[in-house]
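Heads up: the structure comes next, in structure tokens.
The values are calculated or read from the model by the stated rules, or taken from the named source; none is laboratory data. Since the model is a prediction, treat every value here as computed from it, not as a measurement. Using ideal geometry, Cβ is built from the backbone for each residue, glycine included, and neighbour counts are taken over all protein chains shown.
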Amino acid sequence: MFKRVKATTRPRPEPPGKQPKKMGNIITIKLNLDTTELDNKLNRLEEQLERIKSLEDTLKLSKDFNEVKNITINNNIDIKDIMKRCVEAAMSMEPLE
């Protein structure tokens, strides 16, 4: 994962006008990271999230189709009844002159 690690030390500067209490060092660490493995994992996560989103969209579409289907089936009887009444009404009408 690490390409190169570099650590250096240098004396800590004392604030001006103060007596030095204790000498300390500042440690600086520079890391060059190989992010290939992390990038691959992030890409896999992105693909999984896209697949989940696609599945959610498919499920919502399926629910919407089922709702339309149920409305159509439940109202089908009403439509047939209305068509029957219209035909009966048309048959009982007097012919136009």
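Considering each of N70, N74 in turn, give the residue that is surrounded by fewer than 10 Cβ atoms within 10 Å (Cβ to Cβ) and either charged (D, E, K, R) or over 30 Å from T8 (Cβ atoms) (or both). N74 is the lone residue from the list that is surrounded by fewer than 10 Cβ atoms within 10 Å (Cβ to Cβ) and either charged (D, E, K, R) or over 30 Å from T8 (Cβ atoms) (or both). Only one entry in T35, T8 is surrounded by 10 or more Cβ atoms within 10 Å (Cβ to Cβ) and either among the charged types (D, E, K, R) or at pLDDT 75 or above (or both), namely T35.
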